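**Student:** Just dropping this structure here.
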Amino acid sequence: MSTPPQTASAPSLTVLIVGAGIGGLSAAVALRRAGHTVEIFEQSTFANEFSAALHVCPNATRVLSRFGYDEARLRGVRCDSIELRAPDGSTLSTASMDFVPKVYGAPWYLCHRVDLHNELERLAFDAAGEGTPAKLHLRSKVASVDCERGEITLASGEVFKGDLVVGADGVHSMVRTHVLGAADISPSPSGHSAYRFLVPVSRIAADPMLAKYVPSASKPTMIIVSSAEKGLVLYPCRDSTILNVVAHHADHLSQRNSERADWNAKTRSVDELKQTYADFAPELHRLFELADDIKMWTLLDSGALETWIKGRTCLLGDACHPMLPYQAQGGAQAIEDAGALGVIFGGGIAITAADVPARLRYYEFVRKSRAEATQQFSRAQSVKESPPPADPKAARDAVQKFLFSHDVVAYATQALSALFIPSTIVADGAPPPANGTASIDGGDK
């Protein structure tokens, strides 16, 4: 078995990352740790980070562990239980999830998005971290990209040249249009929308009507309330001081959001939310009344892209695989993308600027099919299967195993070393041998 030869010191590449969201920052951490010079270009000021929560599942925390994240700083709540409730508030079933860290080797966190973002900022920019700290350019909107040359041009006219460009600029990605050209597939409405809001747990605890929505200190629980064409997902975050609520529904049930679907959607009214969930329990309507800021946006979906790469440019996260929320994998898959990039452009392997296009073919090989499968699982969860699976629990467990058990760093390392190459690579042709690696012959290993 051949492995990539190690060098005393691998030359540093200049990496330009477009977008400083969770995916962009994760890529910055991974590539900084791989020994490269990283610059991030973000059009915002970071002043208005969206207040919502997300799942950081074991497949993502496994990567964050390699980044050296601090659990106390992350302030995530471990998802130890899932409770299904009917719209009238009655409990239908409860499932313990405290087996997850033992079975999958990593915890399942429920995190405030800003807390995760702050921890990734620390890992990317702190001078104490491994490698050279990344450099952040705020108010730096990227207007165009030369994918082959590795150049980005800002709206100001300033030009930056890199060896590798990473498009982590979200669902409305500008970089994607340059990678795909006429083949670009812009995400489109899925037929569903979602309200999101946060409620301080102190407010909930002060209202006797809401006693059963106060997070358990000993067994934090995610609550799912479901009915035809709509549902609620409620879970604690930020050390169980905040309850995050997602209210997903078919578009025709609400005043569909006609605005650009992003994190800056306008605030919606409590009355509108109550009307959409008119048949849900009065206690849930009371919970709605405690929200300060209710947002709603259209849930977007996208088919598989023709490619994620062009020249020395690649896409990452929502720019290439926007996820519907039903498997809670949007942030996790972006973190997996970053973990793969860190391996493919790291490991002490001598990589020159000329090697970048070939290396990106490995990145696409490692990530594209898995991310697309995850998209499909999320899509399938949004509709009722007909006929339903013979054993729904076994089907759910199989999907969970596929999502949670994956170790993208180990998988990318094996792929790069040509020790494990799935047969699916043969149909489209294997990537050319990357500098310092064994060639891929398409045979079973």
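**Student:** All but one of (1) touching a residue at least 24 places away in the same chain (Cβ under 8 Å); (2) outside the structural domain of Ala27 (by TED's automatic domain parsing); (3) assigned to a loop (DSSP other than H, G, I, E, B); (4) not hydrophobic (A, V, I, L, M, F, W, C) hold for His172, so report the exception by its number.
**Tutor:** His172 satisfies all of (1) touching a residue at least 24 places away in the same chain (Cβ under 8 Å); (2) outside the structural domain of Ala27 (by TED's automatic domain parsing); (3) assigned to a loop (DSSP other than H, G, I, E, B); (4) not hydrophobic (A, V, I, L, M, F, W, C) except (2).
**Student:** Kindly establish whether Asp207 is surrounded by 15 or more Cβ atoms within 10 Å (Cβ to Cβ), of a type in the set (D, E, K, R), more than 25 Å from Met323 (Cα to Cα) and in contact with a Ser or Thr (Cβ under 9 Å, 6 or more places away or on another chain).
**Tutor:** Judged against the criteria, Asp207 is not a match.
**Student:** Can you find a residue that is touching a Gly at 6+ places or on another chain (Cβ under 7 Å) and closer than 21 Å to Val165 by Cα anywhere in region 127-134?
**Tutor:** Checking region 127-134: at least one residue is touching a Gly at 6+ places or on another chain (Cβ under 7 Å) and closer than 21 Å to Val165 by Cα.
**Student:** Taking only pairs six or more apart or across chains, which ones have beta-carbon atoms under 8 Å, a first residue in region 115-131 that is in contact (Cβ under 8 Å) with a residue 24 or more places away in the chain, and a second residue that is charged (D, E, K, R) and outside any helix (DSSP H, G or I)?
**Tutor:** Filtered contacts from region 115-131: Asp115/Arg75; Asp115/Arg238; His117/Glu49; Glu119/Asp70; Arg122/Asp70.
**Student:** Against the definition (of a type outside the set (S, T, N, Q) and assigned by TED's automatic domain parsing to the domain that holds Gly330), how does Asp163 come out, yes or no?
**Tutor:** yes
**Student:** Restricting region 130-161 to residues that are in contact with a helix residue (DSSP H, G or I) (Cβ under 6 Å, 6 or more places away or on another chain) and assigned to a loop (DSSP other than H, G, I, E, B), which is farthest from Ser12 (Cα to Cα)?
**Tutor:** The qualifying residue farthest from Ser12 (Cα to Cα) is Cys147.
**Student:** Would you check which residues across region 280-310 are assigned to a helix (DSSP H, G or I) and crowded, with 19+ Cβ neighbours inside 10 Å and list them?
**Tutor:** Leu284, Leu287, Phe288, listed by residue number.
**Student:** Take region 340-349 and flag every residue that is part of a helix (DSSP H, G or I) and touching a Lys or Arg at 6+ places or on another chain (Cβ under 7 Å).
**Tutor:** Ala340, Gly342, Ile344
**Student:** Step by step: first the residues of region 94-117, then only those that are touching a Lys or Arg at 6+ places or on another chain (Cβ under 9 Å), of a type in the set (Ser, Thr, Tyr) and in a strand (DSSP E or B), then the one that is surrounded by the fewest Cβ atoms within 10 Å (Cβ to Cβ). Which residue is that?
**Tutor:** Among those residues, the one meeting the criterion is Ser96.
**Student:** Hey, does region 56-72 have a residue that's out of contact with any Ser or Thr (no Cβ under 9 Å at 6 or more places or on another chain) and of a type in the set (Phe, Trp, Tyr)?
**Tutor:** no
**Student:** So, one more: With the structure loaded, tell me whether Ala183 is surrounded by fewer than 20 Cβ atoms within 10 Å (Cβ to Cβ), farther than 24 Å from Leu84 by Cβ and at pLDDT below 95 or whether it fails that test.
**Tutor:** Spelling it out, Ala183 is indeed surrounded by fewer than 20 Cβ atoms within 10 Å (Cβ to Cβ), farther than 24 Å from Leu84 by Cβ and at pLDDT below 95.
The values are calculated or read from the model by the stated rules, or taken from the named source; none is laboratory data. These numbers were taken from a predicted model, which means no experiment stands behind them. Ideal geometry is used to build each Cβ from the backbone, glycine not excepted, and the neighbour counts take in all protein chains shown.
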